[in-house]
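In what follows, a structure is listed as structure tokens, so that the remarks can point back to it.
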Amino acid sequence: MGQNEYDIHASLKKYFGFSQFKGLQEQVINNIVEGNNTFVIMPTGGGKSLCYQLPALMQEGTAIIVSPLIALMKNQVDAIRGISDDYGIAHVLNSSLNKTEVKQVKNDILSGVTKLLYVAPESLTKEEYIDFLRSVKVSFVAVDEAHCISEWGHDFRPEYRNLRTIVSRLGDNIPIIGLTATATPKVQEDIIKNLGINDAKVFKASFNRPNLFYEVRPKTANVDADIIRYVKQNAGKSGIIYCLSRKRVEELAQVLQVNGVSAVPYHAGFDAKTRSKYQDMFLMEDVDVVVATIAFGMGIDKPDVRFVIHHDIPKSIESYYQETGRAGRDGGEGHCLAFYSYKDIEKLEKFMSGKPVAEQEIGNALLQEVVAYSETSMSRRKFMLHYFGEEFDEVNGDGADMDDNARNPKEKQEAKDDVLK
Ligand code: ADP
Ligand code: MG
């Protein structure tokens, strides 16, 4: 039986209980089991994990999964252990393990039980681990959240930049799989270059969210009143309101409460107990609205968020896409409303002024795109998708009429003057 004769449908059912692949999963998995380098770009929730988990479970040897967050790794390891009788089928290798635990992990790998080994990039630089992993069969290395490699990404992690060298030390021709939800061409180039996977087949899913309605309104001194009116008109619906500062979060939450809106604040300044209390209140629908900094949202999966309001414009299109992406997960209505004032852009510029020059340059370039998005009179969906390197037909495309500019076109000439960069 050749290497590419794996029955991936049967395995999907067997391991995950699903009868169908989502989006590009099947093509991706076929490419991986053929032993090729692979690059996967899919929006959050697109089902990237399964793209490496399934081949890892099917193939001989152990797959190494590089992931930036212990919490993410733990979640996945627990989930995989849940589908198997072998506790050792998945392990995390990190600095919190004691000697006995490390020994157990090594034994499970050596005996062929462990199919997935999750590591943080910094653990992978440890000589002891490199030596060990050189001596075992590594099926492939998957680099999850691969945008961490790029300074143009939103979560740059310098340790991610050594991965290529380390993988080369682990053995010859170990396939590398990069995965990310960051769609900008710049970040993609960085990833491919840094992982040394020029030959990788690239699988990119569409980032279009046809059920989201995008709108930008000018931000005036009455922004709070505007928000209150909006929320009252949408009473009973779940929504998130993002603010830049913790102070503003608390103020706005209070203003909403005073005006009879059930709202809670959320930011990283609250202790863990308070945070999870407010988060649960929102998830359980004890309140309609959460007013939050960007600390809120990571891994939050409330399917029926009906609106996402930005009291302050975010620092990049990327962030805006991620944050608004929390609306309408169930495919239903999702209104994305941003209040924009150039003053806020200047504020964000000021925040960056203490940072290294290179970082400032990148930050400013990203901000200019936010300005262009906010001020454009063309289809906002087209703008956003173009930013992600994707063509969009603003007449017939899916969701073409779902933004303020599409519904109320400004002067045609004005639109023409908007030049796509
Ligand atoms: P991503 O990493 O791309 O953000 P995840 O890997 O976390 O996405 O997957 C998102 C959700 O999709 C998970 O709940 C997962 O179980 C589910 N999922 C993945 N593949 C399938 C499939 N083929 N059928 C049904 N659900 C799937
Ligand atoms: Mg993921």
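Read-outs: derived from the displayed coordinates by stated rules, not from any lab. A quick note: this is a predicted structure, and the numbers were derived from the prediction, not measured. All Cβ positions, even for glycine, are placed from backbone atoms using ideal geometry, and neighbour counts span all protein chains on display.
If I histogram all Cα-Cα distances within segment 1-152 using bins 5 Å wide from 0, what percent of pairs lands in each bin?
Over segment 1-152, the share of Cα pairs per 5 Å bin runs 1, 9, 19, 23, 22, 14, 8, 3, 0 percent.
Could you tell me the ratio Rg/Rh of the chain? Both radii from Cα atoms, Rh via Kirkwood. Provide the component values of the computation, followed by the final result.
Numbers: Rg = 23.0 Å, Rh = 23.3 Å.
Taking Rh as the inverse mean 1/r over Cα pairs, Rg/Rh reads 0.99.
What is the Cα coordinate range of segment 27-102 on the first, second and third principal axes, sorted by size from largest, in whole angstrom?
Principal extents (largest minus smallest coordinate, Cα): 39, 27, 22 Å.
As a test, work out the antiparallel percent of DSSP beta bridges whose residues both lie in the chain, rounded to the nearest 5. Each step should come with its number before you reach the end.
On the way: 0 of 48 bridges.
So the antiparallel bridges amount to about 0 percent of the total.
Using the Karplus equation 6.51 cos²θ - 1.76 cosθ + 1.60 (θ = phi - 60°), what ³J(HN,Hα) coupling, rounded to whole Hz, does each residue of segment 157-172 give in order, writing x for Gly and Pro?
Residue by residue, segment 157-172 yields 10, x, 4, 5, 6, 8, 4, 3, 4, 5, 4, 4, 6, 6, x, 8 Hz.
In nm, to one decimal, how far is the modelled label at residue 268 from the one at residue 26, with both set 7 Å along Cα→Cβ?
Once both label points are built, they end up 4.2 nm from each other.
Collect residues whose amide H, placed 1.01 Å from N in the peptide plane, falls under 5 Å from the amide H of residue 334; neighbours closer than 5 in sequence don't count.
Amide H to amide H, under 5 Å and 5 or more residues apart or across chains, residue 334 pairs with 213.
Where Rh is the Kirkwood radius over the Cα pairs of segment 142-257, the temperature 37 °C and the viscosity 0.692 mPa s, what D in µm²/s does Stokes-Einstein return?
On the way: Rh = 18.1 Å.
D = 181 µm²/s.
Please give the calculated 222 nm ellipticity per residue for the chain, where each DSSP H segment of at least 4 residues contributes -39500 (n - 2.57) and the sum is spread over every residue; nearest 500 deg cm²/dmol? Show your work: numbers first, answer last.
On the way: 17 runs with 168 residues, N = 421.
Mean residue ellipticity at 222 nm (helix-derived): -11500 deg cm²/dmol.
Hey, can you grab everything whose amide H is under 5 Å from the amide H of residue 340? Only 5+ residues off in sequence or another chain; H modelled, so Pro and N-termini drop out.
Those qualifying (amide H under 5 Å, at least 5 residues apart or on another chain) are 217, 219.
Over 25 Å between Cα atoms, which of 74/315; 48/302; 204/355; 315/355; 137/201; 48/347 qualify? All intermediate terms of the calculation are to be shown ahead of the outcome.
Working: 74/315 30 Å; 48/302 19 Å; 204/355 33 Å; 315/355 15 Å; 137/201 23 Å; 48/347 36 Å.
From the list (74/315; 48/302; 204/355; 315/355; 137/201; 48/347), the Cα-Cα distance tops 25 Å for 74/315; 204/355; 48/347.
Near the amide H of residue 143, under 5 Å away, which other amide H atoms are found, from residues 5 or more places off or on another chain, if H is placed in the peptide plane?
Hits under the 5 Å cutoff: 66, 177, 178, 179.
Give, as a single signed number, the net charge of other residues whose beta carbon lies under 14 Å from the beta carbon of residue 271, with Lys and Arg counted +1 and Asp and Glu -1. Don't skip to the end; give the middle numbers.
Numbers: positive: 246, 273, 275, 277; negative: none.
Combined, the nearby Lys, Arg, Asp and Glu give +4.
In degrees between 0 and 90, to the nearest 10, how far off the longest principal axis of the chain does helix 223-233 point, with axes built from Cα atoms?
Here the helix axis deviates by roughly 80 degrees.
For residue 286 and residue 86, FRET efficiency with R0 = 30 Å and r from the beta-carbon atoms, rounded to 0.05? Could you put the intermediate results ahead of the total?
Working: r = 41 Å, r/R0 = 1.35.
The pair residue 86/residue 286 has a calculated efficiency of 0.15.
Rounded to whole Hz and in sequence order, give me ³J(HN,Hα) for segment 37-45 from the Karplus expression 6.51 cos²θ - 1.76 cosθ + 1.60, θ = phi - 60°, writing x for Gly and Pro.
Residue by residue, segment 37-45 yields 5, 9, 10, 10, 10, 9, x, 3, x Hz.
Under the Kirkwood approximation applied to all pairs of distinct alpha-carbon atoms, what is the hydrodynamic radius of segment 260-311 in Å?
Details: mean 1/r = 0.0878 Å⁻¹.
Taking the inverse mean of 1/r over all distinct Cα pairs, segment 260-311 comes out at 11.4 Å.
Mind giving me the FRET efficiency for residue 396 and residue 224? R0 is 22 Å, r the Cβ-Cβ distance, nearest 0.05 is fine.
Values: r = 39 Å, r/R0 = 1.77.
Efficiency, from the Cβ-Cβ distance: 0.05.
What does the convex hull of the Cα atoms of segment 222-304 come to per residue, in Å³, rounded to a whole number? If you can, show how the numbers build up before the last one.
On the way: hull volume 7.1 nm³, N = 83.
Roughly 85 Å³ of hull volume per residue.
Would you please report the Å³ per residue occupied by the convex hull of the alpha carbon atoms in segment 260-365?
Details: hull volume 13.9 nm³, N = 106.
Residue-normalised Cα hull volume stands at 132 Å³.
Through the Karplus equation 6.51 cos²θ - 1.76 cosθ + 1.60, θ set to phi - 60°, convert the phi angles of segment 358-371 into ³J(HN,Hα) values in whole Hz; use x for Gly and Pro.
Going residue by residue, I get 4, 5, 4, 4, 4, x, 5, 4, 5, 5, 4, 5, 5, 4 Hz, with x marking Gly and Pro.
Hey, with R₀ at 25 Å, roughly what FRET efficiency would residue 408 and residue 341 work out to, going by the Cβ-Cβ distance, to 0.05?
Values: r = 20 Å, r/R0 = 0.81.
Result of the calculation: an efficiency of 0.80.
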